[in-house]
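Engineer: This is the structure, below, for whatever I ask next.
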Amino acid sequence: MNNNWKITKTLFLKEIRDVLRDKKTVMMMVLIPVVVYPLIMLVLLMVSSMMYGNKDTVYDIVVYNESSNFDTDNLERVLNDNAIETNEKDGSEEQLYKINFETTEEKISEEDCKNKIKDKDFDVYLEISDSEGKAGVKAFYMESENESQMAMNRVKTAIDDISDVIREKNVENAGLDANSILNPIAFEQNGLSSDEQIAGFLLGTILPMIIILSILLSVMYPCIDLTAGEKERGTLETLLMLPVSGKQIVTAKILTTSLCGVVTSILNILSMSIVFSVILEQQKALLGTDGTGVGVSSFISAMLVILPVILVTALFLSAVIMCFTCFAKSYKEANNYLSPAMMLIMIIAYGSMIPSLELNQYTSVVPVLNVTLLIREALNFRLNYSMVIPVLCSMVLYSVFAIMFLSKAYSSENLLFGDGKNGISLFEKRSNIKKGMTVTIGDACFIFPFVLLMYLLFGGLLQVKYELAGIVLGQFLILAGIPLAFFIYSKKDLKKVYSFNKCNPLSPAVGVLIGVGGFLFAALVGNVISNMFGLTVSDALAKTFEKYFSHNVVLATVCIALTPAIAEEMFFRGVLFGALKEKLKPVFSVMIVSVLFGVFHMDVLKFFTTGILGVILCLTLYYSGSIFPSMFAHFTINFISVIAGKYATEHFSEMITRPIFGIAGLAVVILGLMLIKYLNREVKEEISEESGEEKKSA
Amino acid sequence: MIKANNLVKKFTKTVQKNKKIEFNAVDGISFEAGKGEIVGVLGPNGAGKTTLLRMLAGLMMPTEGEVFVETDSGVIRKGENLKRHIGYMSANTKLYGRFSAREILKFYGQVYGMTEADIDRRTEEIIDVLDMEKFADNRIDKLSTGQVQRTSISRCLIHDPEIYIFDEPTLGLDILSSSAIVDFMKAEKEKGKTVIYSTHYMEEAEYMCDRIVMICDGKVVCNDSPDNLKKETGSQNLREVFRKLIENKMESAANE
């Protein structure tokens, strides 16, 4: 173990040195966050201050007055008064902008007016005449010209001010109380947020995205360099000649890229805070006041939370990006593979801009989204600290899976010498696809995210629209249908893909038994975990289907017990488990499929319960060699949930989640699995013999 | 001593109209190379030399058959331990361009688990033997082809392996550089090391090798000393032997 770590450390130090000696990477790591980002920010600030005008900006206003009731001198005076701001404390005055007010004796046509505004002869033209006994002011400006637009706003404010004075005078002249008539309701706005909170709110919308982007950008280049770049330079074979394992190589590489990401984002945050505080100080000095009163110190606690999050994000992004780039043979190819992934990550990072998205038990397990939301809420000072653990854990978990996948890839010669056996059938010409093949891992990696995305998008829509019928449609059309269409296209042997194998006639009955035991055990686990999350027992039991309990029992059974038992089993146990167990050890296949099954249910609580059920169902298939027993088991589990949800009392729920029942359930599951293994020992041999013969004949 | 037992490696390759077929790049090769022996692996392009050497080096897993190394401490069959006894070099084992020769030797020594003192001693030895003093501290990027090749060889030497496997080590080198490498292999042989190497230069192989293994289409055509081969085929030199044996083999394959 010690030696293992020593080799990893040696590899890591080598990679770090290699990366640091590459000027391009160092530039990306240091120059961009330290120089480019602050520069962009300063330029943006300057542009925005230019848009709002400064004391040297002159707004040219031209007036043609044919009205006898309108006092243009008064307008000029009001405009000039508004251009000066008086400090309430010391009475000093500051010119914000200048007004150049001119009158003209000739009317200007609209066409002329347009041209003159464009040529910057003036910004606004006012045409004042009398209509129906009062002064009518027509103002002409161009919305597309910034200064014209700004001048227009000044004019409008001035006209409103003048109107107010006249209105007040008129009301008083009529002998009424101006204040009560003009302001019938005394309205006072009191902002309770502290300056820090306001600043945090503003920071919270953009900073998460900038942090994630800067990690992404700084991680991307070393990731390509250490994987595809290494292949392109031909040093990979040299590296693999060393007595090192794929895991050691991958760990060293990922640690290196993560370190780059962490360094860059910390530099980024530092440089941004320095720029921010300098700007704040500058404004304080300029205004001669306390300024906004935002102290950087108040963000220290937020930063303490953000730091570990940055660490896991850098780890996660490195691992995920490397999963893409390790298959590329050159920089160019790696860039092609990365583009869609980058787009996806960036879109998810925008999540902090959506106010209605909150960090909860659902979003805390969605990678990248959880990070962007967590950083936002930390900066907004309303972070629920119990959410930090699921965010960190889920990110680390995903990274570990990616590292396991990569280690596998780096131990395989396919990656190195590429004989293309792991490809995705969809990308091959149909005439080249061999008939009767099973699903490859490449196929599975392609199908799972696609189906999951489709199911989340359209399955959710169907459920909202058609309720129970929507579930059936979604499950059969998307979960079962899309892969089926793909397999028919790629001429797979459906019987093999879905493990539609014969099994001992008693096995379905054992499957039911396993289902009962599995339900009890999952209920116990759900109870324990829900206590940790502060939910009640019945929540844990019935969360899945609570919306649908009002329906008829038979209908509910068909829609939420029978349908998933068929469609979910076909997808998870048939397609995914079938594909993985071809290449990976059964332990890993079971674990990966069960985690995916848990993720599929999109809930922290259900992640654990369904994850455990996933393990049990996978083993049922593995030991029986057929999908039918696991279908029966799945049906039983969902059926009990339906019945329990509809009829069970609080007392019953409480009783059923007692440890004794859960442990008994686990015992039943283990016995059931042993029994099913025993029952199908001969059938399984037959199957393997069959496939063995086929291999020989092929 | 390194032994290969009935090695088979299956690949899929693309033939006309994008059709893919499976074929055996190495088709049942067995041979062994003992202590103090230089074995030359010869064959036309695409015969399976590189695949064979990669399997011997433990870089590729054979589809069938096995490779094992017999050392004083016992038989080693596969995995990372096998790699510890082998120094492998080919056109595809390039070096990190941003490192110097000394740094590379140090890195490799560390991964092989050598002590710092051992690494330093061995590094100086190798630099002396291969005459690398002039460029040992320059980045690989800046070196000439011959210098890079010598650095590559030094990389295989650092852990003092019993077996060297070189895939065309003298390819593209001038006479001085290639003779330095040839001399080095001879010297290692004298020390009782095993050298297996492939080349297209027949004169070099004739001068160097104790035994020649010729392969064609993944199969062994002959396995004997250069002198015996010349006698058997009635040829003047190895170049003629090669042409006679390989042409025969290819003709008979074409007739089938």
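Every number in this text was worked out from the coordinates using simple rules, so none of it is lab data. Quick caveat, the model's predicted, so the values are computed rather than measured. Using ideal geometry, Cβ is built from the backbone for each residue, glycine included, and neighbour counts are taken over all protein chains shown.
Engineer: If we count every other residue with Cβ under 9 angstrom of B:F135's Cβ, Lys/Arg +1 and Asp/Glu -1, where does the sum land?
Structural biologist: Details: positive: B:K134, B:K142, B:R150; negative: B:E133, B:D137.
Computed value for this residue: +1.
Engineer: Roughly how many Å is it from the Cα centre of the stretch B:28-104 to that of the stretch A:54-74, as a whole number?
Structural biologist: 91
Engineer: How high is the FRET efficiency from A:E168 to A:K55, r the C-beta distance, R0 25 Å, rounded to 0.05? Mind showing how you got there, number by number?
Structural biologist: Working: r = 31 Å, r/R0 = 1.25.
That pair, A:E168 with A:K55, gives E of 0.20.
Engineer: In the stretch A:142-158, whose amide N lies under 18 Å from the spot 7 Å out along Cα-to-Cβ of A:S109? List them in ranges.
Structural biologist: Of the residues in the stretch A:142-158, none has backbone N under 18 Å from the label point off A:S109.
Engineer: With the radius of gyration and the Kirkwood radius both derived from the Cα set of the stretch A:545-644, what is their ratio Rg to Rh?
Structural biologist: Dividing the radius of gyration by the Kirkwood radius yields 0.99.
Engineer: Sequence-distant or interchain residues sharing an amide H contact under 5 Å with A:T104, placed H: which?
Structural biologist: When sequence neighbours closer than 5 places are left aside, the close amide H contacts are A:V63, A:Y64, A:N65.
Engineer: Right, something else. Which whole-Hz ³J(HN,Hα) couplings does the stretch B:172-182 yield from phi under the Karplus relation 6.51 cos²θ - 1.76 cosθ + 1.60, θ = phi - 60°, glycine and proline marked x?
Structural biologist: Running phi through 6.51 cos²θ - 1.76 cosθ + 1.60 with θ = phi - 60° gives x, 9, 6, 4, 5, 5, 5, 6, 4, 5, 4 Hz.
Engineer: Now for a different question. Net charge around A:S352, counting only other residues with Cβ within less than 14 Å of its Cβ (Lys, Arg = +1; Asp, Glu = -1)?
Structural biologist: Neighbour charge sum, excluding A:S352 itself: 0.
Engineer: What per residue convex hull volume, in Å³, do the alpha-carbon atoms of the protein assembly as shown yield?
Structural biologist: On the way: hull volume 264.8 nm³, N = 954.
In the protein assembly as shown, the Cα hull volume divided by residue count equals 278 Å³.
Engineer: Let me ask something additional. Rounded to the nearest 5, what % of DSSP beta bridges with both residues in chain B are antiparallel? Could you put the intermediate results ahead of the total?
Structural biologist: Values: 26 of 43 bridges.
If we restrict to bridges inside chain B, about 60 percent are antiparallel.
Engineer: Let me ask something else. Per residue of B:85-95, what is the mean number of Cβ atoms on other protein chains within 10 angstrom of that residue's Cβ?
Structural biologist: On the way: counts 1, 2, 1, 4, 3, 4, 2, 8, 8, 8, 4.
If you average over the peptide's residues, the count of other-chain Cβ atoms is 4.
Engineer: Place +1 on the Cβ of every Lys and Arg and -1 on the Cβ of every Asp and Glu in chain A, take the dipole about the Cα centre, and give the residue among A:V439, A:F122, A:V528 whose Cα lies farthest towards its positive end.
Structural biologist: Ranked along the dipole, the leading option is A:V439.
Engineer: Take each of the peptides B:221-231, B:36-46, average the number of other beta-carbon atoms within 10 Å over its residues, and list them starting from the highest.
Structural biologist: Descending packing order for the listed peptides: B:36-46, B:221-231.
Engineer: Quick one: check the C-alpha center-to-center distance for the stretch A:553-599 versus the stretch A:169-185, whole angstrom.
Structural biologist: If you average the Cα positions of each part, the centres end up 75 Å apart.
Engineer: Okay, next question. Provide the gained length on full extension for the span A:V464 to A:L555, in nm with one decimal, where the gain is 0.36 nm per separating residue minus the Cα-Cα distance.
Structural biologist: The span from A:V464 to A:L555 would gain 31.1 nm if fully extended.
Engineer: Hey, got the average number of other protein chain Cβ atoms within 10 angstrom for residues in A:6-13?
Structural biologist: 3
Engineer: Which distance in nm do the two modelled labels at A:T72 and A:T86 give, with both placed 7 Å along the Cα-to-Cβ direction?
Structural biologist: It works out to 2.8 nm between the two label points.
Engineer: Where the centroid of each part is defined by its Cα atoms, how far is the stretch B:184-223 from the stretch A:186-215 in Å?
Structural biologist: A separation of 73 Å, based on Cα centres.
Engineer: Right, another one. Amide H of B:V221 versus every other amide H placed in the peptide plane: which residues, excluding those fewer than 5 positions away on the same chain, fall under 5 Å?
Structural biologist: Here B:M214, B:I215, B:C216 satisfy the definition.
Engineer: List, in order, the whole-Hz ³J(HN,Hα) value for each residue of the stretch A:453-465 obtained from phi through the Karplus relation with A = 6.51, B = -1.76, C = 1.60 and θ = phi - 60°; use x for Gly and Pro.
Structural biologist: Each residue of the stretch A:453-465 in turn: 4, 4, 5, 5, 6, 8, x, x, 4, 4, 5, 5, 6 Hz.
Engineer: Between A:K23 and A:I643, what length in nm is gained on full extension when 0.36 nm per residue of separation is reduced by their alpha carbon distance? Kindly include the intermediate steps, with their values, before the conclusion.
Structural biologist: Numbers: separation 620, 0.36 × 620 = 223.20 nm, distance 6.54 nm.
Taking 0.36 nm per residue and subtracting the Cα distance, the gain is 216.7 nm.
Engineer: For chain A, what is the percent of antiparallel DSSP beta bridges, rounded to the nearest 5?
Structural biologist: On the way: 10 of 23 bridges.
Looking only at bridges with both residues in chain A, the antiparallel portion is about 45 percent.
Engineer: Express the Stokes-Einstein translational diffusion coefficient of the stretch A:108-150 in µm² s⁻¹, to the nearest whole number, given a Kirkwood radius over alpha-carbon pairs, 10 °C and a viscosity of 1.306 mPa s.
Structural biologist: In µm²/s, the coefficient is 144.
Engineer: I'd like the FRET efficiency for B:D131 and B:S73, computed as 1/(1 + (r/R0)^6) with the beta carbon distance as r and R0 of 30 Å, rounded to 0.05.
Structural biologist: Details: r = 33 Å, r/R0 = 1.10.
Between B:D131 and B:S73 the formula returns 0.35.
Engineer: With r as the distance between the Cβ atoms of A:M532 and A:E654 and R0 = 22 Å, compute the FRET efficiency 1/(1 + (r/R0)^6) and round to 0.05.
Structural biologist: My answer for the efficiency is 0.80.
Engineer: Any chance you could run the full-extension gain for A:S301 through A:E281? It's 0.36 nm times the residue separation minus the Cα-Cα distance, nm to one decimal.
Structural biologist: 5.0 nm
Engineer: Only helical DSSP H runs with n ≥ 4 go in: add -39500 (n - 2.57) per run for chain B, normalise by residue count and round the 222 nm mean residue ellipticity to 500 deg cm²/dmol.
Structural biologist: Details: 9 runs with 100 residues, N = 256.
Calculated mean residue ellipticity at 222 nm is -12000 deg cm²/dmol.
Engineer: HN-Hα J couplings of the stretch A:173-181 from phi, Karplus 6.51/-1.76/1.60, θ = phi - 60°, integer Hz, Gly and Pro as x?
Structural biologist: So the Karplus estimates, Gly and Pro as x, are 4, 7, x, 10, 7, 4, 4, 6, 7 Hz.
Engineer: Okay, next question. Within 10 Å, count the other beta carbons around each residue, average over each peptide in A:307-320, A:195-208, and list them highest first. Provide the component values of the computation, followed by the final result.
Structural biologist: On the way: A:307-320: 23.6, A:195-208: 18.7.
Per-residue Cβ counts within 10 Å, averaged per peptide and sorted highest first, yield A:307-320, A:195-208.
Engineer: Take peptides A:327-333, B:192-198 and line them up by average Cβ neighbours within 10 Å, highest first, as a rough protection proxy.
Structural biologist: Numbers: A:327-333: 15.6, B:192-198: 22.1.
Top to bottom by mean Cβ count within 10 Å: B:192-198, A:327-333.
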